[in-house]
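Comments concern the structure below.
The values are calculated or read from the model by the stated rules, or taken from the named source; none is laboratory data. Bear in mind the structure is a predicted one, so any value in this text is a computation, not a measurement. All Cβ positions, even for glycine, are placed from backbone atoms using ideal geometry, and neighbour counts span all protein chains on display.
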Amino acid sequence: MPAPSRISFVIVIIGVLFVIGLHALGWLAPVEEKLRSSLWPVSRLAYSLDAGADRVRDGREEKYQTLAVEEARQKLLEEENQELRAQLDFLQARSYRSIGADVIGKSTDPNRQTRWINRGALDGVALDQPVVAHAGILVGKIIQVEETAAVVQLLTDHQSRVAATVANRDQSLGIIEGGYGISMRMNLIPQNETVTVGEAVVTSGLESRIPRGLVIGTIEAVEKEAYQPFQRASITPLVKGEKIRVVSVILGVSSTAPSL
Amino acid sequence: MTIVIRWFGYLAAELLLLFSQLIIINLLPAPWNFIQVIWVLAPILILLNRFHLALGLIVVFYFYLGLFSVAPFGLSTTVGVMSIILAERLYRVVLTNRSVYSAAALSAFGTLLTRLLTVIFLLIAGLVTRAEAEGHLIMLVYEILLNTILASLIFLSTNALSARFRFTRFSSPSL
């Protein structure tokens with residue numbers, strides 16, 4: 001067989017660049033949406049079967065997760081109650097606008113911890129919105145939005161960064177970073193603050209779209225080196241993001257006037 | 001009629017590849033989800049002198065995969081096309097014979113090139129840090145290992161069932 005000519009290579013490369021150009025202009029969006037949605041039924045079924053393998057165990061864990069969330073919330077509220085009663089009243093009066101979503105698949109990047117959900121821009125989903133599971137446990141945030149679908153970056157993704165606070169006396173601030181799907185760490189915790197194993201970690205509210213108080217996990221271990229300006233902690237997540245099937249996207253905070 | 005059947009076969013092969021990658025392999029636990037099924041099949045097609053088919057399959061495969069990726073659109077397609085072209089050059093210029101070693105080498109080369117080019121692009125674009133790029137390279141070891149083993153196994157099983165691999169392009173009639 002004769003060697004493929006250079007012309008055929010050039011034609012293919014030009015073709016690929018042409019398609020990329022059409023994508024950049026947005027002209028391919030309807031076709032892409034159709035192609036993507038053609039796979040969702042099968043993808044959702046396969047994902048459900050995969051996640052369903054742990055259904056029995058998840059059922060047992062759910063009780064523990066609910067209790068842990070309640071405990072963490074209780075602790076956070078108690079501390080805030082001591083400091084600012086008015087603020088606590090405001091927090092109690094606050095309600096989130098959210099939308100439920102089914103997880104319909106994983107992204108094709110094997111080193112990324114991301115999930116596709118069946119809600120998109122048409123449903124009000126936007127970048128950086130928090131995604132919660134169970135009784136309000138943060139599992140990730142939105143990093144890509146299409147018309148009818150969106151991508152959730154799980155907290156365990158290596159590019160995930162979420163501002164968090166420990167529910168301790170110092171209300172220690174830090175950044176939660178993922179570690180290739182196998183771990184979660186809280187970095188940049190000030191060295192002079194005391195962080196104890198078992199304490200709850202919640203969102204700090206320093207990010208514009210992520211409200212304060214969404215539970216992330218508990219402190220599993222603390223790494224404190226005398227020569228380092230910050231300490232680090234390993235975090236045990238309260239929910240396994242890899243196995244989630246149903247989530248809620250927090251679209252925003254609809255506030256009512258506090259009845260002071 | 002034959003042409004229609006042939007194109008139907010190509011379409012079925014492409015759908016099978018996409019289904020394997022997106023539905024089966026994508027949901028497997030690590031490191032099994034690192035398998036790039038296209039780089040298991042493409043070397044075999046190159047050895048069978050079906051380069052244009054391999055090229056066509058790769059273009060469609062990576063285009064469709066790109067729709068489900070969080071990486072910039074077109075990156076995987078561009079990188080895939082560059083890799084298959086260079087893999088074909090490697091086969092014609094360096095390897096030249098049809099053997100299990102060639103299948104393994106082409107699979108390893110294609111996988112390596114695809115991942116390396118992707119990482120280099122992401123680094124240049126500032127989409128990953130150096131530490132994250134190193135994470136990609138750790139994954140590459142598993143990818144190469146798994147793809148190479150699978151490509152070799154497919155070559156050997158095809159060789160056992162068919163005579164299409166049982167000569168080299170440079171074999172002389174006297175041998």
Residue selected from segment B:91-106 under the condition within 23 Å of residue A:12 (Cβ to Cβ) and within 13 Å of another protein chain (Cβ to nearest Cβ), by the criterion surrounded by the fewest Cβ atoms within 10 Å (Cβ to Cβ): B:93
Residue selected from segment A:180-204 under the condition within 14 Å of another protein chain (Cβ to nearest Cβ) and surrounded by fewer than 16 Cβ atoms within 10 Å (Cβ to Cβ), by the criterion nearest to residue A:105 (Cα to Cα): A:182
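For (1) within 21 Å of residue B:59 (Cβ to Cβ); (2) modelled with pLDDT of 75 or more; (3) at the interface with chain B (Cβ under 10 Å from one of its Cβ atoms), each residue gets a yes or a no:
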{"position": "A:1", "(1), (2), (3)": "yes, no, yes"}
{"position": "A:7", "(1), (2), (3)": "yes, yes, no"}
{"position": "A:10", "(1), (2), (3)": "yes, yes, no"}
{"position": "A:18", "(1), (2), (3)": "yes, yes, no"}
{"position": "A:23", "(1), (2), (3)": "yes, yes, yes"}
{"position": "A:45", "(1), (2), (3)": "no, yes, yes"}
{"position": "A:49", "(1), (2), (3)": "no, no, yes"}
Go through (1) crowded, with 19+ Cβ neighbours inside 10 Å; (2) at pLDDT below 90; (3) at the interface with another protein chain (Cβ under 10 Å from one of its Cβ atoms) one by one and return the number of the condition residue B:78 breaks. (2)
Residue A:39 being within 8 Å of chain B (Cβ to nearest Cβ) and part of a helix (DSSP H, G or I): yes
Among the numbered criteria (1) farther than 20 Å from residue B:67 by Cβ; (2) more than 14 Å from chain B (Cβ to nearest Cβ), which single criterion is violated by residue A:119? (1)
Segment A:131-154 - residue that is within 23 Å of residue A:213 (Cβ to Cβ) and assigned to a loop (DSSP other than H, G, I, E, B) and, of those, nearest to the other protein chains (Cβ to nearest Cβ): A:134
Please indicate, with yes or no, whether at least one residue in segment A:122-130 is in contact with a strand residue (DSSP E or B) (Cβ under 6 Å, 6 or more places away or on another chain), assigned to a strand (DSSP E or B) and more than 14 Å from chain B (Cβ to nearest Cβ). yes
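If we scan segment B:143-163, do we find a residue that is exposed (fewer than 11 other Cβ atoms within 10 Å of the Cβ) and either touching a strand residue (DSSP E or B) at 6+ places or on another chain (Cβ under 6 Å) or modelled with pLDDT under 80 (or both)? Steps first, please.
We begin by selecting, within segment B:143-163, every residue exposed (fewer than 11 other Cβ atoms within 10 Å of the Cβ); these are B:157, B:160-163.
Going one step further and asking which of them are either touching a strand residue (DSSP E or B) at 6+ places or on another chain (Cβ under 6 Å) or modelled with pLDDT under 80 (or both), we end up with B:162-163.
Yes, there is a match, as at least one residue in segment B:143-163 is exposed (fewer than 11 other Cβ atoms within 10 Å of the Cβ) and either touching a strand residue (DSSP E or B) at 6+ places or on another chain (Cβ under 6 Å) or modelled with pLDDT under 80 (or both).
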Options B:65, B:127, B:122: the member that is touching a residue at least 40 places away in the same chain (Cβ under 8 Å), facing chain A (nearest Cβ under 10 Å) and surrounded by fewer than 20 Cβ atoms within 10 Å (Cβ to Cβ): B:127
Strands (runs of 3 or more DSSP E) within segment A:160-254 that include 2 or more residues more than 20 Å from the chain's Cα centre (by Cα): A:183-190, A:215-223, A:230-237
Can you find even one residue in segment B:87-109 that is more than 14 Å from the chain's Cα centre (by Cα), in a helix (DSSP H, G or I), acidic (Asp, Glu) and over 19 Å from residue B:33 (Cβ atoms)? no
